[in-house]
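Asker: Below is one structure. I have some questions about it.
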Amino acid sequence: MDEKEAAKEIKDRFSDFGVDIPQEDIEERLEKLTSKFKVPMSEARRSVTNYFLKEYNISRGEFYGSQTETPLVNVKDLVEDGKWVNVKAKVLQLWDNTHESISQVGIVGDSTGTIKFVKWANANLPDVEENKTYYFRNVVVGEWNEKFQINLNKTSSIEEIDEDIEIGTSSVTASGAMVDIQSGSGLIKRCPECNRPLSKGACPEHGKVEGVYDLRIKAVLDDGESVHEALLNRELTEYIGEITLESAKSMASEALDPSVVLDYLKEKLMGKYYTITGPKLDRYILVETIEQQSRFDENELDELIASAEVV
Amino acid sequence: MAAFVREVAKRVFAQEFKESNLMFKDGEDQYSPQYLLTPTGAKVNRLFIVGTLTETEDIGTEAEFLRGRVSDPTGSFLIYAGQYQPEAAQVLSECEKPAFVAIVGKPNTYTTDEGDVITSVRPESISVVDGDTRDMWVLEAAKHTLNRINSLDKDEPNIKKVVEHYNTDKKHYYEMVQQALQSLKETD
Ligand SMILES: [Zn+2]
């Protein structure tokens, strides 16, 4: 969060009390504290807010009393750009590729739905892990590419809680031909600390580590009208690829090259038709079931023959 | 940043593909995607084909350059793979023929000295599949082609372009689809 955003927020809070403070004045004070006096942004906000409370003779109790509790909001209701909220949610996915200004990005969810989250690098917040539940305080809803996300920045906080949340996502069904298996599929290694896939033996966060083997497939299904990206975990990869993690490891060590596993999976799966189900989290369908479609529907054939009759 | 959108792989029968000769660019700059507009109005930047690979020939003069023929119930596709498609070229040359293959690829056109346009496919991937998968593709291609024929009256810029350019004879393509579907009946 920069001075502009923080200043806007303070301005908005004060306007609830009928006080109109020029945004430049707020920004200037914030800027002075953060740049010149190296005060952290959260502290600067507090200090500037208190300054104006005194200035306009507003009681702290009244001001904070009405404002302190940032609302705890269900994920499905995170649809207002710029709204500050608290969210209790489970981390479902951490994505591989992060821009250097981003420390972690992925998907969180609660019983009402899922949403993308972005933890900015300059927020200096602790890392989260997949499948753990957290209380995210003072995060802000943003809109990006017509989709909502939550941003975790300097004024946000993260607290792990010992609670499992049942995720509410409507499952989708998709069918189509497997037209691609993306790189990063096959036999991969993950960071033992944070579970992120390693790239050239290194974790983007923890550097060179002794990786833990895993199998996965990032597949593209295409039905001629739309494409679906699907993520298959180890269990489903073993099932549909008729392979086990152990046999994949021995294939790789015999060939002295882990990419033989990807080649094997491509040869086995590409160009065939599949039906998958699972929740769709942003780009990917997190596959829960996958079956090959091996035979066309005779009734559909008869219907098509009838409709192809030349009139 | 605009989200990258992967091009959908269209389903087009070999006969219709062969009868296509209208390429156009969607946009002005050199990176704008190229499309082949087919007589029934498929806007093709990527294709998915399943058919029978019947033969492969090395037609390269210096480096290996392979031409394969893949047939469906209506005709055959020409597949060209060279050094820039090493995996596809390997499958083309090494797999036993005939074989059912699934191909994901890009459409290409070439104009002969006589002014005829030859269409072909530059494969992104080729894999060997089974007969059931091939039959499913025929049904799917039939369904998509019928949908396109039935939409040829739509008031839409690309459709208008197609009708103007090809003066598409719907009956001709209904018959093509019918023939393809009947072939599935015979193999039962
Ligand atoms: Zn790590």
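Asker: Taking each residue of B:168-174 in turn, how many C-beta atoms of other protein chains fall within 10 Å of its C-beta, and what is the average?
Answerer: Averaged over the peptide's residues, the number is 2.
Asker: Looking at the range A:8-109, which GluC sites (Glu not before Pro) are in a loop (DSSP not H, G, I, E or B) and have at most 10 other Cβ atoms within 10 Å?
Answerer: A:GLU69, A:GLU100
Asker: Of A:ASN86, B:PHE13, A:SER183, which is farthest along the charge dipole of the protein assembly as shown in the positive direction, counting Lys and Arg as +1 and Asp and Glu as -1 at C-beta?
Answerer: A:ASN86
Asker: In addition: Residues of the range A:1-24 with amide nitrogen under 14 Å from the 7 Å Cα-to-Cβ point of A:HIS99?
Answerer: Hits in the range A:1-24 for A:HIS99 at 14 Å: A:1.
Asker: From the helices alone, meaning DSSP H stretches of at least four residues, give me the mean residue ellipticity at 222 nm for chain B, per-run term -39500 (n - 2.57), in deg cm²/dmol to the nearest 500.
Answerer: Helix contribution divided over all residues of chain B: -10000 deg cm²/dmol.
Asker: Where does helix A:245-255 land angle-wise versus the long Cα axis of chain A, in degrees 0 to 90, nearest 10?
Answerer: 70
Asker: Turning to a different aspect of this structure: Got the relative contact order for chain A handy, in percent, Cα pairs under 8 Å and 6 or more residues apart?
Answerer: 12
Asker: Sticking with this structure for a sec: Can you find, among A:ASN50, B:LEU53, A:MET270, the residue farthest towards the positive end of the dipole of the protein assembly as shown? Put +1 on the C-beta of Lys and Arg, -1 on that of Asp and Glu.
Answerer: Working it through, the farthest residue towards the positive pole turns out to be A:ASN50.
Asker: About its Cα centre, what dipole magnitude does the protein assembly as shown give when the only charges are +1 on Lys and Arg Cβ and -1 on Asp and Glu Cβ, stated in debye to the nearest 20?
Answerer: About 1260 debye.
Asker: For the range B:9-187, what class follows from the C-alpha gyration tensor (a ≥ b ≥ c being the square roots of its eigenvalues): rounded when a/c is under 1.5, otherwise prolate if a/b is larger than b/c, else oblate?
Answerer: On the way: a/c = 1.96, a/b = 1.20, b/c = 1.63.
The shape class here is oblate.
Asker: Explain nothing, just compute: Karplus ³J(HN,Hα) = 6.51 cos²θ - 1.76 cosθ + 1.60, θ = phi - 60°, for every residue of the range A:126-142 in order, whole Hz, x for Gly and Pro.
Answerer: x, 6, 9, 10, 4, 6, 10, 9, 9, 9, 9, 9, 6, 9, 10, 7, x
Asker: Return the FRET efficiency for the residue pair A:ARG283, B:GLN30: r is the Cβ-Cβ distance, R0 is 22 Å, and the value is rounded to the nearest 0.05. Display every interim value, and only then the final one.
Answerer: On the way: r = 28 Å, r/R0 = 1.28.
Between A:ARG283 and B:GLN30 the formula returns 0.20.
Asker: Return the average number of partner chain Cβ atoms within 10 angstrom of each residue Cβ along peptide A:300-306.
Answerer: Values: counts 4, 10, 2, 1, 10, 7, 1.
The shielding value for this peptide is 5.
Asker: What is the dipole size for the range A:1-151, taken about its Cα centre, with +1 at each Lys and Arg Cβ and -1 at each Asp and Glu Cβ, in debye to the nearest 20?
Answerer: That gives the range A:1-151 a dipole magnitude of about 480 debye.
Asker: Another question about this same structure. Lysine pairs in the range A:171-292 with Cα distance under 23 Å, only those 8 or more apart or on different chains: how many are there?
Answerer: Total qualifying Lys-Lys pairs in the range A:171-292 comes to 19.
Asker: Would you list which aspartates and glutamates come within 16 Å of A:LYS32, measuring only between C-alpha atoms, while excluding same-chain residues fewer than 8 positions from it?
Answerer: Result set, ordered by chain and number: A:ASP2, A:GLU3, A:GLU5, A:GLU24, A:GLU43.
Asker: Are there trypsin sites (Lys or Arg not before Pro) in the range A:15-91 that DSSP puts in a loop and that have at most 13 other Cβ atoms within 10 Å, and which ones?
Answerer: Listed in order of number, the matching sites are A:LYS38.
Asker: Sort the range A:75-161 into rounded, prolate or oblate with this rule: let a ≥ b ≥ c be the square roots of the eigenvalues of the Cα gyration tensor; rounded if a/c is under 1.5, and if a/c is not under 1.5, prolate when a/b is larger than b/c, oblate otherwise.
Answerer: Verdict is rounded for the range A:75-161.
Asker: Right, something else. Evaluate the charge dipole of the range A:171-292 about its Cα centre and quote only its size in Debye, nearest 20, assuming +1 on the Cβ of each Lys and Arg and -1 on the Cβ of each Asp and Glu.
Answerer: 340
Asker: Let me ask something else about it. Under the definition of partner shielding as Cβ atoms of other protein chains within 10 Å of a residue Cβ, what is the mean value for peptide A:140-146?
Answerer: On the way: counts 0, 0, 0, 0, 2, 3, 1.
Mean partner-chain Cβ count within 10 Å for A:140-146: 1.
Asker: To continue, here is another question. Ordered by residue, what ³J(HN,Hα) values in Hz, to whole numbers, does the range B:128-136 give under the Karplus form 6.51 cos²θ - 1.76 cosθ + 1.60, where θ = phi - 60° and Gly and Pro are x?
Answerer: Values, residue by residue: 7, 10, 9, x, 5, 5, 4, 4, 4 Hz.
Asker: Among the aspartates and glutamates, select those whose C-alpha is under 13 Å from the C-alpha of B:LYS43, and discard any that sit fewer than 8 residues away in the same chain.
Answerer: A:GLU225, B:GLU7, B:GLU16, B:ASP26, B:GLU156
Asker: Suppose only helical runs count, i.e. DSSP H with n ≥ 4. What mean residue ellipticity at 222 nm does that imply for chain A under -39500 (n - 2.57) per run, divided by all residues and rounded to the nearest 500 deg cm²/dmol?
Answerer: Working: 8 runs with 85 residues, N = 311.
The helix-only estimate for chain A comes to -8000 deg cm²/dmol at 222 nm.
Asker: What order, most packed first, do the peptides A:186-194, A:288-296 have when packing is the mean number of other Cβ atoms within 10 Å of each residue?
Answerer: The most tightly packed comes first, giving A:186-194, A:288-296.
Asker: For a test of the definition: using alpha carbon positions, the gyration tensor, and the 1.5 limit on a/c, classify chain A as rounded, prolate or oblate.
Answerer: Prolate.
Asker: Here's something else I'd like to know. In whole Hz, with x marking every Gly and Pro, tabulate ³J(HN,Hα) for the range A:102-116 from phi via Karplus 6.51 cos²θ - 1.76 cosθ + 1.60, θ = phi - 60°.
Answerer: 10, 8, 8, 9, x, 10, 10, x, 9, 5, 9, x, 10, 8, 6
Asker: Calculate, for B:LYS154 and A:VAL19, the FRET efficiency according to 1/(1 + (r/R0)^6) with r their C-beta to C-beta distance and R0 60 Å; round to the nearest 0.05.
Answerer: According to the calculation, E is roughly 0.55.
Asker: For the range A:171-292, what is the largest minus smallest coordinate of the Cα atoms on each principal axis, given in angstrom and ordered from greatest to least?
Answerer: If we take the Cα atoms of the range A:171-292, the spans are 42, 31, 20 Å.
Here, each number is a calculation from the coordinates, and none is a lab measurement. Note that the structure is a prediction, hence the values are computed from the model and not measured. Every residue, glycine among them, receives a Cβ derived from its backbone with ideal geometry; neighbour counts consider all protein chains shown.
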